Amino acid sequence: MLSRFLSVTARRTRHQARRLHAGAGAVVAPPPQALVQSGIRPESLPRHVAVVTDGNRRWAKARGMLTAEGHEAGRRALEHTIGLSHAWGIRALTVFAFSQENFGRPKMEVDYLMGMIERTIRDNIDEYARNGIRMHVIGDPSRRPASLQNAAREAEEMTRNNSKFHLMLATCYSGRWDIVQACRELAGEVQGKTLRPEDIDESLLASKLATGVAGEFSCPDLVIRTSGEVRLSNFLMWQSAYSELYFTDVMWPDFGETEYLQALSSFQSRERRFGQRNA
């Protein structure tokens with residue numbers, strides 16, 4: 001699905017470029033039609049969007065379907081969201097694919113989700129590589145199956161030179177774990193006498209967090225959570241300190257272009273002051 005979406009988007013972009021006449025300076029393609037029709041200002045889009053993809057099981061149960069079918073529907077929604085984010089000019093997307101707390105679910109479901117995440121990576125990695133998408137799988141690698149860990153390493157290596165769009169799949173991830181592992185890394189540097197304690201500041205700690213791989217796009221501007229739950233559930237605890245939060249009752253498998261545009265419209269309606277007072 002993502003392969004088809006990115007291919008269609010690439011053809012559309014090339015067609016738009018051919019229609020533009022040469023002029024002074026750089027040629028800029030017009031913004032995607034969906035943004036224009038929705039009144040979204042492309043120049044004010046969030047640079048980094050993070051999503052808590054909640055509601056797959058409840059979606060399936062409400063339809064008399066198997067849990068696995070709900071997760072597969074969620075996978076399709078994920079691939080569509082990746083394609084939309086890439087096409088619209090968002091620079092980074094972090095998806096809460098599997099939390100450390102999710103290990104409390106039945107083993108059969110955990111194993112299925114790990115396999116599905118691996119398939120998602122392997123099925124799309126060639127398209128990511130061709131379309132400027134850099135993939136990162138963030139979270140505790142020690143808790144992932146070896147086959148998933150191998151797929152993550154291969155994807156990260158194949159896309160390491162891409163910079164158009166950062167895709168971070170948070171797998172075996174928790175926000176508290178992220179802060180602890182960053183502190184441990186800093187403590188090791190202090191112990192090894194390559195860092196002085198007084199040199200540790202917020203910027204340095206942030207660079208050690210899992211999302212630090214995205215550089216300037218490490219902190220989300222917008223965090224979206226689906227399915228009616230109104231909490232962060234241990235997701236990007238440090239990074240979301242000044243994120244705009246958007247909650248929707250829509251279950252993740254039903255989260256499509258219309259719902260995404262509504263979230264972006266809500267984001268653009270807010271005044272971001274970062275603790276300061278505007279004149």
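Structure notes:
- Count of residues meeting criterion [open to solvent by less than 50 Å² (accessible area, probe 1.4 Å), closer than 25 Å to SER163 by Cβ, in contact (Cβ under 8 Å) with a residue 40 or more places away in the chain and not in a helix (DSSP H, G or I)] in the stretch 195-234: 6
- Restricting the stretch 34-51 to residues that are aliphatic (A, V, I, L, M) and in a helix (DSSP H, G or I) leaves a set whose member that is surrounded by the most Cβ atoms within 10 Å (Cβ to Cβ) is LEU35.
- Scan of the stretch 123-153 for residues that are among the β-branched types (Val, Ile, Thr) and surrounded by fewer than 20 Cβ atoms within 10 Å (Cβ to Cβ), ordered by number: ILE125
- Given (1) assigned to a helix (DSSP H, G or I); (2) in contact (Cβ under 8 Å) with a residue 12 or more places away in the chain; (3) closer than 18 Å to THR120 by Cα, number of the condition GLU69 does not satisfy: (2)
- Looking only at residues of the stretch 154-172 that are farther than 16 Å from GLY115 by Cα and among the hydroxyl-bearing types (Ser, Thr, Tyr), we find that the one that is least open to solvent (accessible area, probe 1.4 Å) is THR159.
- CYS183 being of a type in the set (A, V, I, L, M, F, W, C) and surrounded by fewer than 17 Cβ atoms within 10 Å (Cβ to Cβ): yes
- Counting only residues that are open to solvent by less than 50 Å² (accessible area, probe 1.4 Å) and small (Gly, Ala, Ser), the stretch 235-253 holds 2 of them.
- For the stretch 98-110, a residue qualifies if it is free of Cβ contacts under 8 Å to residues at least 24 places away in the same chain and out of contact with any Phe, Trp or Tyr (no Cβ under 9 Å at 6 or more places or on another chain), and the qualifying residues are ASN102, GLY104, ARG105, PRO106, LYS107, MET108.
- Enumeration of residues in the stretch 52-71 that are open to solvent by 40 Å² or more (accessible area, probe 1.4 Å) and either within 23 Å of the chain's Cα centre (by Cα) or not small (Gly, Ala, Ser) (or both): ARG57, ARG58, LYS61, ARG63, MET65, LEU66, THR67, GLU69
- No other residue among GLY175, GLY192, GLY256, GLY275 is of a type outside the set (S, T, N, Q), surrounded by fewer than 18 Cβ atoms within 10 Å (Cβ to Cβ) and within 25 Å of ASP140 (Cβ to Cβ) apart from GLY192.
- Selection over the stretch 85-99 of residues that are over 12 Å from the mean Cα position of the chain (by Cα) and either open to solvent by 30 Å² or more (accessible area, probe 1.4 Å) or of a type outside the set (S, T, N, Q) (or both) gives a count of 4.
- Scope the stretch 169-194; condition of a type outside the set (D, E, K, R) and in a helix (DSSP H, G or I); matching residues: GLY175, TRP177, ILE179, VAL180, GLN181, ALA182, CYS183, LEU186, ALA187, GLY188, VAL190, GLN191
The values are calculated or read from the model by the stated rules, or taken from the named source; none is laboratory data. The structure displayed is predicted, hence computed values, not measured ones. Every residue, glycine among them, receives a Cβ derived from its backbone with ideal geometry; neighbour counts consider all protein chains shown. Note: accessible area is taken over every heavy atom of the protein model, side chains too, but ligands, DNA and RNA are not part of it. Shrake-Rupley method; radii C 1.70, N 1.55, O 1.52, S 1.80 Å.
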